[in-house]
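The values are calculated or read from the model by the stated rules, or taken from the named source; none is laboratory data. Because the structure is a prediction, the values reported are computed rather than measured. No Cβ is skipped: glycine too gets one built from the backbone with ideal geometry, and neighbour counts run over all protein chains shown. To get the accessible areas, we keep the full protein, side chains included, count just its heavy atoms, and leave off ligands, DNA and RNA. Shrake-Rupley method; radii C 1.70, N 1.55, O 1.52, S 1.80 Å.
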Amino acid sequence: MLTIKNINAHYGKVHALKNVSIHLGKGEIVTLIGANGAGKTTMLNTISAVTPPSAGKIVFEDQELAGLSPDRIVKLGICQVPEGRQVFKPMSVEDNLELGAYLRYRGREGRREIRRDLEEIYTLFPRLLERRKQAAGTLSGGEQQMLAMGRALMARPKLLLLDEPSMGLAPLVVQEIFRAIEQLRQERGTTVLLVEQNAKAALRMADRGYVLETGKVVLEGLASDLLENKDVQRAYLGKD
Ligand code: ATP
């Protein structure tokens, strides 16, 4: 579904990605793990065209993404949930969710579809239903993460790019978020590229993983194999 070949990214003199190649099959959950500054966020940003790559090729469902604008990429079915969530704080939960569907507003059928999708998001995250009229800025960190994911899902993405969804959240909330990711894959067949500092939780859920170190892929494989890998354990997996 997505093939990235020899991608490079620069911020001025900083060479943030060095010939990175990864691929995702339809319906897969793939995780990128690595230390701070390894290039994980940059990787997601090259796909969503927030940081266009300086070299390399990104192909999504037979279409090359080079030169496409971020909103064109959303139209193709790729949605990113950025780190730090970035919900519209003064707006209600429901208005935030509806904004996610802005590309699909047209006509009465569009409105009906949006209603249906809202119901679906509320089933996935019942807490958002309880708080639908509440200003997004008054939600807890975990609830804001659910809202940011819900908003992305309102665009009905085929590929969801998640940047550190567990950051700063209590373990129970992390479980809830991860459960929702698995449910999405089961119910919608959504493909997920997940960036996580919480490598253990990510590898437990993912099918495959890539380890990034200073802009390079140093290891890749089945998530179950990476969990057993001594180097990965030493560098990224704390004690249980
Ligand atoms: P973290 O887990 O801390 O978010 P990361 O793996 O996502 O880290 P990136 O944010 O992709 O890492 O950063 C990769 C490298 O690029 C780092 O060295 C970072 O300092 C640098 N970098 C990222 N964004 C910029 C920017 N806007 N300007 C200059 N350098 C940047």
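Would you list the P(r) distribution for the chain, with all Cα-Cα distances sorted into 10 Å bins from 0 and each bin expressed as a whole %?
With 10 Å bins starting at 0, P(r) equals 8, 32, 36, 20, 4, 0.
Give me the extension gain from Lys89 to Arg72: residue separation times 0.36 nm, minus the current Cα-Cα distance, reported in nm with one decimal.
On the way: separation 17, 0.36 × 17 = 6.12 nm, distance 2.56 nm.
Computed gain between Lys89 and Arg72 is 3.6 nm.
Over the chain, what percent of the accessible surface lies on carbon and sulfur atoms, probe 1.4 Å? Don't skip to the answer; put the middle values down first.
Working: 5850 of 11420 Å².
That fraction is 51 percent.
Measuring from label point to label point, each 7 Å out along Cα→Cβ, what is the Asp62 to Glu187 span in nm?
Placing both labels 7 Å beyond Cα along the Cβ direction yields 3.1 nm.
Rounded to the nearest 20 Debye, what is the dipole magnitude of the chain about its Cα centre when Lys and Arg each give +1 and Asp and Glu each give -1 at the C-beta? Present the calculation step by step, with values, prior to reporting the outcome.
On the way: 34 positive and 29 negative charges, 93 e Å.
Here the chain has a charge dipole of around 440 debye.
Can you give the local net charge around Leu169? Use residues other than it whose beta-carbon is closer than 12 angstrom to its beta-carbon, Lys and Arg +1, Asp and Glu -1.
In short, -3.
When the dipole is taken about the Cα centre of the stretch 87-154, and only Lys, Arg (+1) and Asp, Glu (-1) are charged at their Cβ, what size is it in debye, to the nearest 20?
180
Rounded to the nearest 0.05, what FRET efficiency is calculated for Leu222 and Lys133 with R0 set to 45 Å and r the Cβ-Cβ distance?
My answer for the efficiency is 0.55.
What does the charge add up to near Ser92, with Lys and Arg as +1, Asp and Glu as -1, over the other residues with Cβ less than 9 Å from its Cβ?
Net local charge, Ser92 excluded: +1.
To the nearest 10 degrees, how steep is helix 141-153 against the longest Cα principal axis of the chain, on a 0 to 90 scale?
With rounding to tens, the tilt is 80 degrees.
Compute, for the stretch 1-92, the length of the dipole vector about the Cα centre, with Cβ point charges of +1 (Lys, Arg) and -1 (Asp, Glu) only. Units Debye, rounded to 20.
240
If Lys and Arg each add +1 and Asp and Glu each add -1, what is the summed charge of the other residues whose beta carbon sits under 13 Å from the beta carbon of Gly39?
Numbers: positive: Lys18, Lys40, Lys216; negative: Asp163, Glu213.
Every neighbour counted, the sum reads +1.
Setting aside same-chain residues fewer than 8 positions from Lys13, which lysines have a Cα under 27 Å from its Cα?
Correct list for Lys13: Lys5, Lys40, Lys57, Lys216.
Please calculate how many Å² of accessible area the stretch 150-201 carries per residue, with a 1.4 Å probe and no DNA, RNA or ligand atoms counted.
Accessible area per residue: 36 Å².
Hey, which lysines would be in cross-link range of Lys75, C-alpha to C-alpha under 16 Å, not counting anything within fewer than 8 residues on its own chain?
Straight-line reach from Lys75, under 16 Å: Lys158.
What's the angle, to the nearest 10 degrees (0 to 90), between helix 107-124's Cα axis and the longest principal axis of the chain?
60
Leaving out ligands and nucleic acids, and using a 1.4 Å probe, what accessible area per residue does the stretch 1-122 come to in Å²? Working shown, then result.
Working: 6090 Å² over 122 residues.
On a per-residue basis, 50 Å².
Which lysines, on any chain, are close to Lys89 with Cα under 21 Å apart, when same-chain ones fewer than 8 places away are left out?
Lys133
With θ set to phi - 60° and the Karplus curve 6.51 cos²θ - 1.76 cosθ + 1.60, what are the ³J(HN,Hα) couplings of the stretch 25-38 in order, to the nearest whole Hz, using x for Gly and Pro?
So the J values, rounded to whole Hz, are x, 4, x, 7, 10, 10, 10, 10, 10, x, 6, 4, x, 6.
Gap in Å between the Cα centre of the stretch 177-240 and the Cα centre of the stretch 37-78?
For the stretch 37-78 versus the stretch 177-240, the Cα centre distance is 21 Å.
Helix-only estimate, please: 222 nm mean residue ellipticity of the chain, summing -39500 (n - 2.57) across DSSP H runs of length 4 or more and dividing by its residues, to the nearest 500.
Helix contribution divided over all residues of the chain: -11500 deg cm²/dmol.
May I ask you to list the residues of the stretch 21-39 whose amide nitrogen lies under 17 Å from a point 7 Å from Cα along the Cα→beta-carbon direction of Ala55?
21-22, by backbone N distance to the label point.
Positive end of the dipole of the chain, charges at C-beta (+1 Lys, Arg; -1 Asp, Glu), about the Cα centre: which of Thr190, Asn45, Asn229 has its Cα farthest in that direction?
Asn45
So for the stretch 87-154, considering every pair of alpha-carbon atoms, how many percent are separated by more than 19 Å?
Across the stretch 87-154, Cα pairs with separations above 19 Å total 23 percent.
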